Structure formats: C-alpha cells, structure tokens
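Down below is the structure, laid out as structure tokens.
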Amino acid sequence: MGVTAIVPAYNEEATIGQIIEALLDCPEIDEIMVVSDGSSDRTAEIARTYPIRVLELLENVGKGGAMKAGVEQANHDVILFVDADLVGLKHEHVAALLEPICAGRADMTVGVFEEGRFATDLAQKIAPFLSGQRAVRRDVFQKIPQLEDTRYGIEVALSRYADKHGVPVEMVHLKDLSQVMKEEKRGMVRGFRDRMRMYWEIMKSVRN
C-alpha cells in the first residue's frame, strides 16, 4: 500500500524546505508532492530543488482545492497531508499517522499536537477536528463532494464525512510538534486578518 505525502502551501518559503527534508527522511513515503496554491513567493522554486513533485497552481484556490488537486495527481492509495508551516516535524510523527491505516485499523487518522507550543496545543485540544495533519485512504477522500469549494473548511468536511459515513478514524498524538502562527508569518495586522478569514471559511463549512 503506497503512500503519497501532499503538502498544500501558500507563501511558505520560510518553512517549506524543512518540511520536505523531514518527509524525505521517512521510508514509509513513496511520493512527496508540494502543491503551491498560487504562491507569490519562492515556495515552488525552493520545492523544486528537492527530488519531489511540485504542482504549481497559478491561482489561489484555497487549502481544500489545493489538497484535492494534489490527490488527483497522486500515484498511491494512502494520502498523508501535512501543513507547510510545521515546526519540529519528525519521522516518528509521520510513522504514527500512517501506522493505523497501513495496519488496517483505520481509514483516516487525525494528528493532535501535544507538548509543543501552548497556543497550538490548546487550539487542537479544543478543536482536534481542525487538524491539518492527517492520513486518509485515497478512495475515501475521493468520495467527499465539493472539496474544491471548502478552502480552510477542508478539515471540517473530512471530519464530518467520516462521522456521517462511519469511516474508522484514529486520533494520533504528535508530541513536540507545533506550527508557525499566522501573526508570526505575516505580522499582527495581516496575520489577524488572515486568521479571521480562516475562521469564517471554517464556520461556513460547519453551517453547510
């Protein structure tokens, strides 16, 4: 059962190299793909310096659209999604996300930060279903309708589908893993604005 790791990325030139290097260190992964979602920085350029696949979308379609585009191009039956702004990603995290699916116990896993940064740990304890660190069988992902319209609501759509259709899901604790907050990447004003837009897109998915 092969594994494709997909990294949806929008203007993540500062961290994309570290994420790719961590994934290249994982023998469980057969294919790595970065989906640059209309990035205006060097995200795609940096990704192309590594022996991986790079899918460059000319327009920003949102996280859900980027993930779907990646899955459509993937060559394997298990999909691993990781965010492009993670801090501290290691082989042990990847192995923990993949093991329940490869062992046949689950069709989807959801990673929850633990013992990382207080802010990101707290956010995921409150709403673990929003985690972007997941593994899922490709055939399950492809059954979910209209993912290209979900943008940041993609994780809500995945969790809702799994709950509604009885998809076996296993929660996985990811120790010492966190991510860069939007305010740190883009400054307080723009970061706060982007965070509010993200929450709005998530709420739209919750209401739909």
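Annotations for the structure displayed:
- Likely footprinting exposure, Arg105, Arg134, fewest C-beta neighbours within 10 Å first: Arg105, Arg134
- Across the range 22-33, rounded Karplus estimates of 3J(HN,Hα) from the backbone phi angles (6.51 cos²θ - 1.76 cosθ + 1.60, θ = phi - 60°) give 5, 5, 5, 8, 10, x, 5, 8, 9, 8, 10, 9 Hz, Gly and Pro being marked x.
- Sorted largest first, extent of the range 3-181 alpha carbons per principal axis (Å): 40, 35, 29
- Beta bridges assigned by DSSP with both partners in the range 3-181 are antiparallel in approximately 30 percent of cases.
- Amide hydrogen proximity for Leu174: with H placed 1.01 Å from N in the peptide plane, the residues at 5 or more positions away or on another chain lying under 5 Å are Val112, Phe113, Glu114.
- Taking the fewest neighbouring Cβ atoms within 10 Å as the starting point, the ordered list for Cys26, Cys102 is Cys102, Cys26.
- Sequence ranges 138-146, 27-35, ranked by mean other-Cβ count within 10 angstrom, highest first: 27-35, 138-146
Values in this text are rule-based calculations from the coordinates and carry no lab data. This structure is a prediction, so every number in the text was calculated from the model and none was measured. For neighbour counting, all protein chains shown are included, and Cβ atoms are generated from backbone atoms with ideal geometry for every residue, glycine included.
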